[in-house]
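> Let me begin by handing over the structure; questions about it come next.
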Amino acid sequence: MSLDWTSLTDGELATLSIAGRQAAFAEIMRRYRQPVFRLARACTGEPDEALDLVQETFVAAHHALSRYDAERSMKAWLSTIAINKCRDWGRKRTVRRFLSFALPIDGQAEAVVDEEPAADAAASDRQELDRVTRAIATLPMNLKEVLVLRTIEGLSQAETAEVLGVSQKAIETRLYRARARLIEKLNVAQGVGSGLA
């Protein structure tokens, strides 16, 4: 008799995965890979990097599964891991940028990233999504994380506070600031209010 993995709770899947049932962890990944990807993409602004961070998140989650509390939201738990992976990525990126200035110019042509949008981004809704994603990626980490977790991933204020290890009031304040800063960045990018419109 085959087990219906989709009918099991996250806690049951975690228990079965710890017991060695690979299909249980595959179901966890199926359920949460899109939210983890959206979180990583919003934090990095780079889809390719986000894919790598999704893999790193699930590898770390698999290793830490014995510490998962079944009373806690799996989405919030995975979001915590993903946020930490994004923070690590940001720190490494800062170091790489710093070191790239210290390296000789020879051989750096391969490291230049093409900033042009992909050809499939020609549709206006895709362009708008890319524009907003890039704007979110430029926010300070403490504002970006709150905005992504609350508005994109739909975590509650309490879950977001738990993921980030701050008070619910801090979440409320950061979310307000993040939205205001995002609107400001989007308006500047369109030339609204800067005399360019």
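> Among the numbered criteria (1) out of contact with any Lys or Arg (no Cβ under 8 Å at 6 or more places or on another chain); (2) open to solvent by less than 50 Å² (accessible area, probe 1.4 Å); (3) under 15 Å from Val163 (Cβ atoms), which single criterion is violated by Arg72?
(2)
> Does Ala40 meet the test of being part of a helix (DSSP H, G or I), within 19 Å of Thr151 (Cβ to Cβ), at pLDDT 90 or above and open to solvent by less than 50 Å² (accessible area, probe 1.4 Å)? Let's see the steps before the verdict.
Details: part of a helix (DSSP H, G or I): yes; within 19 Å of Thr151 (Cβ to Cβ): yes; at pLDDT 90 or above: yes; open to solvent by less than 50 Å² (accessible area, probe 1.4 Å): yes.
Answer is yes for this residue.
> Can you name the residue in region 56-69 that is open to solvent by 30 Å² or more (accessible area, probe 1.4 Å) and without any contact (Cβ under 8 Å) to a residue 24 or more places away in the chain and, of all such residues, is farthest from Asp88 (Cα to Cα)?
In this case the residue turns out to be Asp69.
> Restricting to region 161-179, name every residue that is free of Cβ contacts under 8 Å to residues at least 24 places away in the same chain, in a helix (DSSP H, G or I) and β-branched (Val, Ile, Thr). Can you show your working first?
Looking only at region 161-179, we keep the residues that are free of Cβ contacts under 8 Å to residues at least 24 places away in the same chain, and these are 161, 165-170, 172-173, 176.
Now drop any that are not in a helix (DSSP H, G or I), which leaves 161, 168-170, 172-173, 176.
Correct list: Thr173 only.
> Okay, moving on. So, in region 16-37, how many residues would count as being out of contact with any Lys or Arg (no Cβ under 9 Å at 6 or more places or on another chain), open to solvent by 40 Å² or more (accessible area, probe 1.4 Å) and in a helix (DSSP H, G or I)?
10
> Another question, then. Could you say which residue among Leu155, Leu147, Leu182 is in a loop (DSSP other than H, G, I, E, B) and either under 15 Å from Ser73 (Cβ atoms) or touching a helix residue (DSSP H, G or I) at 6+ places or on another chain (Cβ under 8 Å) (or both)? Reasoning before the result, please.
Working: Leu147 fails: in a loop (DSSP other than H, G, I, E, B); Leu182 fails: in a loop (DSSP other than H, G, I, E, B).
It is Leu155.
> Now, a different point. From the set of residues in region 151-184 that are open to solvent by 70 Å² or more (accessible area, probe 1.4 Å) and among the charged types (D, E, K, R), which is modelled with the highest pLDDT? Full working, then the answer.
As a first pass, look at region 151-184 and keep what is open to solvent by 70 Å² or more (accessible area, probe 1.4 Å): 162, 168-169, 172, 176-177, 179, 181, 183-184.
Checking the rest, the ones that are also among the charged types (D, E, K, R) come to 162, 169, 172, 177, 179, 181, 184.
On the way: Glu162: 89, Lys169: 94, Glu172: 91, Arg177: 91, Arg179: 88, Arg181: 90, Glu184: 87.
Across region 151-184, the extreme among qualifying residues is Lys169.
The values are calculated or read from the model by the stated rules, or taken from the named source; none is laboratory data. Everything numeric in this text was worked out from a predicted model, so none of it was measured. Methodologically, a virtual Cβ is constructed for each residue, glycine included, from the backbone with ideal geometry; neighbour enumeration extends over all protein chains shown. Note: areas computed on protein heavy atoms with side chains; ligands, DNA, RNA excluded. Shrake-Rupley method; radii C 1.70, N 1.55, O 1.52, S 1.80 Å.
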